[in-house]
Amino acid sequence: MERVTDAVARAALTLASAHVVSPRVDAELLAAFVLGVPRGRLAVAEDFTPDQVDRFSRLVVARAARVPLQYLTGTAPFRRLELAVGEGVFVPRPETEVLVEWGLGWLRRHAADHSERPAVVVDLCAGSGAIAASIAAETRDVIATRVYAVESEPPAVDWLRRNVTAHGVRVIEGDVTDPAALSELDDSVDLVLCNPPYVPEIGASGLPPEVSEHDPHAAVFGGTDGLDVIRPLIGRVAALLRPGGAMAVEHDDTHAYVVPTLVSADGHFRDVELHHDLAQRARFTTATRV
Ligand SMILES: C[S@@+](CC[C@H](N)C(=O)[O-])C[C@H]1O[C@@H](n2cnc3c(N)ncnc32)[C@H](O)[C@@H]1O
């Protein structure tokens, strides 16, 4: 038996020396995971049993080796959802919640445009399904939607199906830059939301090990300048959208000029606008199909 507070204090020191960004919080979340209680109940939790001490120690060792916390607990919070995650899928990030908020606002403002049919929403580069599942869950009973999620990497597709099936999202395994992917929806989509791989490989040496060693490479990196997927994607989005439909694409903060410029240069969009995330970094670009 061991007091949980003692084990957490020791684990926080271990994680701090491994340069984990939030050692105390991570230690508490792992302890709560082992005990099967919310983090807020730790102070009144029973002592760890010997089995729990063992399990907690192994999780702390893995976290100190910089395995993402969410891979260890098997879930990642995103807006109102807890998504299943693990090796092979990108852990959804809080900045993408802002893009979803924008998408929900757009759907509310334009609900009357498609009152005779459900709004068709496409999540390109869907990963865990964070965007698609949130749109489906947060519009249910409010705005009729038909949501599609496209993902190319087989391990990610497995996680995607696991997360979105209950929300009625249709999963398509395919390359978002391939004109054949979802071509049956060309000219009919109301809203495209997309968080593609966009980190430039050049200058990527400073990334934390959680990203460089654990997030799937295809989920993070977009070639030398980070634009390998975004560049061909823009034309594909233009083909999918109906006139008056809209898109939002997440990108690197260093793309604050280039992505809006690429979208404008495509010639099929108006109202091209750059948006910032909660840390005030340039994070996504929106536009309306002419
Ligand atoms: C940055 S992650 C985003 C995942 C999820 N949308 C989110 O916001 O958490 C990018 C995802 O795009 C997928 N991907 C990369 N290139 C792709 C392509 N050409 N076609 C379809 N999916 C792609 C990756 O496998 C990864 O799951």
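The values are calculated or read from the model by the stated rules, or taken from the named source; none is laboratory data. Note that this is a predicted model, so its numbers are computed, not measured. Neighbour counts run over all protein chains shown; Cβ positions are idealised from the backbone, glycine included. These accessible areas exclude ligands, DNA and RNA; they are computed on the full protein's heavy atoms, side chains included. Shrake-Rupley method; radii C 1.70, N 1.55, O 1.52, S 1.80 Å.
With respect to the stated conditions, V98 is at pLDDT 95 or above, within 13 Å of the ligand (Cβ to nearest atom) and of a type in the set (V, I, T). Listed by first and then second residue, the pairs linking a residue in segment 171-182 that is over 18 Å from R231 (Cα atoms) to a residue that is assigned to a loop (DSSP other than H, G, I, E, B) and more than 8 Å from the ligand (Cβ to nearest atom), with Cβ atoms under 9 Å apart and 6 or more places separating them unless they lie on different chains, are I172/L182. Of all residues in segment 71-83, none satisfies being charged (D, E, K, R) and part of a helix (DSSP H, G or I). Within segment 94-122, if we keep just the residues that are of a type outside the set (V, I, T) and in contact with a Phe, Trp or Tyr (Cβ under 7 Å, 6 or more places away or on another chain), the residue that is surrounded by the fewest Cβ atoms within 10 Å (Cβ to Cβ) turns out to be E97.
Filtering segment 261-277 to residues that are closer than 16 Å to L227 by Cα and open to solvent by less than 20 Å² (accessible area, probe 1.4 Å) leaves only V263.
None of R231, R242 is touching a residue at least 12 places away in the same chain (Cβ under 8 Å) and within 13 Å of the ligand (Cβ to nearest atom) except R231. Entry remark, segment 278-290: residues being open to solvent by 60 Å² or more (accessible area, probe 1.4 Å), among the polar types (S, T, N, Q) and under 18 Å from the mean Cα position of the chain (by Cα) number 0 in total. Taking A112, is it assigned by TED's automatic domain parsing to the domain that holds A181 and part of a helix (DSSP H, G or I)? Spelling it out, A112 is indeed assigned by TED's automatic domain parsing to the domain that holds A181 and part of a helix (DSSP H, G or I).
Among the residues of segment 66-89, the ones that are near the ligand (Cβ under 9 Å from one of its atoms) and open to solvent by 50 Å² or more (accessible area, probe 1.4 Å) come to 0 in all. Whether a residue is more than 17 Å from V150 (Cα to Cα) and not hydrophobic (A, V, I, L, M, F, W, C) was assessed, and S115 passes this test. The residues in segment 132-156 that are in contact (Cβ under 8 Å) with a residue 60 or more places away in the chain, near the ligand (Cβ under 8 Å from one of its atoms) and open to solvent by 10 Å² or more (accessible area, probe 1.4 Å) can be counted, and the count is 2.
Taken together, the residues in segment 114-129 that are over 21 Å from R236 (Cβ atoms) and near the ligand (Cβ under 8 Å from one of its atoms) amount to 1.
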